[in-house]
Structure formats: C-alpha cells, structure tokens
Amino acid sequence: MLKIPKKVMDRWPATVKSLVAVAISHKTRDVSEADTVTLVKDMLAEVFGYDKYNELTSEQQIRGTFCDLAVKIDGKIRVLIEVKAAAIALNETHLRQAINYGAHEGIEWIVLTNALEWRLYRIKFGQPIEYELVSSFCIADINLKNEEDQRRLFLLCREGITSDAMGLYHQHISVLNKFTVAQVILGEPVVSVIRRELRRLFPELKIESEAIVELLNNEILKREVLDGEKVKDAQQRIRKALSKSAKSLAKKAVDSIQAQTMDETSVT
C-alpha cells in the first residue's frame, strides 16, 4: 500500500534503537516536558528525517497559546505535535488541547506523543469539529522487520508527508474496515449473489432478498457494524463512490455516442 524508500529503511535500525533507549531513560528518571520536547526533536530529525533547524519549529503560537512543535515544509505547517513528558500517560485532555490547536489553524494532522507513545489524528473540519485516530504505536515495541510497523513509522516521516502517505493510509483504512464491508454485504448486489447461490444449491426453496437482509442484520452481522456514526460514515462513503461510478459510466456513454456520431459524419 505504501512504498517506503530504501534510504528511510536504512536509517531506522541504528537511530530507533539508540533513541528508544534514551526515551526509556527519560521515563524512568521522570524528566521534564522540556527535555522530552528536545528528545522528540532529535527523533523527528534522526528517525523521521526532518531538518531539525529548518523544518521543525518550537512553541508554535496558536491563538495566544503555544503548541510544542510544528512540522513546516516549504513554508507551510503540515503537522502540529503536542508533547508530554516521557513519564506521563497520554490522555483525552492532552488530545483536546492538540485538536484545539489544529482546529484554530486549519491544520488537518495532529501528533500527540511522550516520545514513547505516538498517536496520529486527523481533524474533520465541520460543525462540530470532529477527529479520528488514524495510527498509534509505542516506538519501544516497533519491530523493524514487520511491514505494518514499518508503515506506522513511515506515516510520520518527512518522505511520507511529502508523498501524502497519511492521506493514502487514511483513505485505505476508511474503506477497508468492518463498517464499510458490512454495508457492502448488505447492498443489493451482494444480497443478490447470496440469493442466487442459495437457489442454485436448494432449488426447491423460495428465498427472497428481504429474508437474507433480515438474517444478515439480526443474526450474522454484529450490532456494532450496523449502528453508529462510523456506520453512517461508511454509508455516505459508499453513496459517494456509487455516484462517482455512475457519473463515470454516463460520461463514457456520452463519449462513445459522440465518437460514433463523428465517425458516421466523416463517412458521409
């Protein structure tokens, strides 16, 4: 899904191991938040590939308050980073603070970290402002030979940001999840396939589509994939995809008719 450059993979083994050791030491010694910010800047530079002096800004001012770090590429802030001391467990209060920063500035991506735990959030701008967790990991537990762990690290890398890895990964997990798949299963095309297969296997039975939908809703699919905001998001995503597909087919039909008309005119 995400192509990770070799140069990124090559820098991880030494840098991750050495800086994780420092982060664990910071947690054990309960160092200050300011010291953790310094460590996070080192990690962003050495592990994630940013220019520490030109692309990482400290104490970014947001509406009279300050966010600990901001990633600025080509003069534009791409990610806000809220840092807590290594010994502090990240919580909802820390998250709300970081989300408020991003919402005020129109910045979509937020990172919350204590140097060991890293959480990537995406802000959904609307009324009200919403947000969702896109990725999270403990860097001390990262297995650099594991592809999913590699992707988690790459999302936060400079090379990942410039190739829109965050957006592509978010799009992928937005589609390939239990909520979207459940809605696809409940859709008419899949229900028709199930009905057709059952009638082929058991031709003596009269099976209606409504009975299959009822069975899926009440006995096969879990309630969590049938109700709630994530289900509504999945339904909306599918509607948009169907609309886009219909428009594409309509355009192809029009183009085909126009091409045929031009051919007939040229023959005449």
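The values are calculated or read from the model by the stated rules, or taken from the named source; none is laboratory data. Keep in mind that what you see is a predicted model, and the values were worked out from it rather than measured. Quick reminder, even Gly has a Cβ in these numbers, built from the backbone with ideal geometry, and neighbours come from all protein chains shown. With ligands, DNA and RNA removed, areas are computed over all heavy atoms of the protein, side chains included. Shrake-Rupley method; radii C 1.70, N 1.55, O 1.52, S 1.80 Å.
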Heavy-atom accessible area per residue of the range 88-222, all protein chains kept, 1.4 Å probe, expressed in Å², is 56
Whole-percent carbon and sulfur contribution to the accessible surface of the range 88-161 (1.4 Å, no ligands, DNA or RNA) stands at 42
Note, the range 70-77: 3J(HN,Hα) by Karplus (6.51, -1.76, 1.60, θ = phi - 60°), whole Hz, Gly/Pro = x, goes 9, 8, 10, 10, 6, x, 10, 6
Karplus ³J(HN,Hα) for the range 147-153 (6.51 cos²θ - 1.76 cosθ + 1.60, θ = phi - 60°; Hz, whole; x = Gly/Pro) runs 5, 5, 5, 4, 5, 4, 5
Simple spin-label estimate for Glu33/Lys6, 7 Å along Cα→Cβ, in nm, reads 4.4
Rounded to one decimal in Å, the inverse mean reciprocal Cα-Cα distance for the chain, i.e. its Kirkwood radius, is 22.1
So, for the Cα atoms of the range 1-97, Rg and Dmax in Å stand at 14.5, 41
In Å, the C-alpha Rg and Dmax of the range 159-250 are 16.9, 60
Sequence order, the range 93-110: Karplus ³J(HN,Hα) from phi using 6.51 cos²θ - 1.76 cosθ + 1.60, θ = phi - 60°, Hz rounded, Gly and Pro as x, gives 5, 4, 5, 4, 4, 5, 5, 4, 4, x, 4, 5, 9, x, 9, 6, 10, 10
The answer for the net charge of residues other than Phe48 whose Cβ lies under 13 angstrom from its Cβ, with Lys and Arg +1 and Asp and Glu -1, is +2
Placing each pseudo-label 7 Å from Cα in the direction of the beta carbon, Val181 and Gln235 end up separated by a distance in nanometres of 2.1
Taking Lys and Arg as +1 and Asp and Glu as -1, residues besides Ile4 with C-beta under 10 Å from its C-beta add up to +2
The base-10 log of I(q)/I(0) that the Debye equation returns for the range 112-182 at q = 0.21, 0.22, 0.23 Å⁻¹, one scatterer per C-alpha, is -1.04, -1.11, -1.16
Two pseudo-spin positions, 7 Å from Cα along C-beta at Ala21 and at Ser243, lie apart in nanometres by 5.6
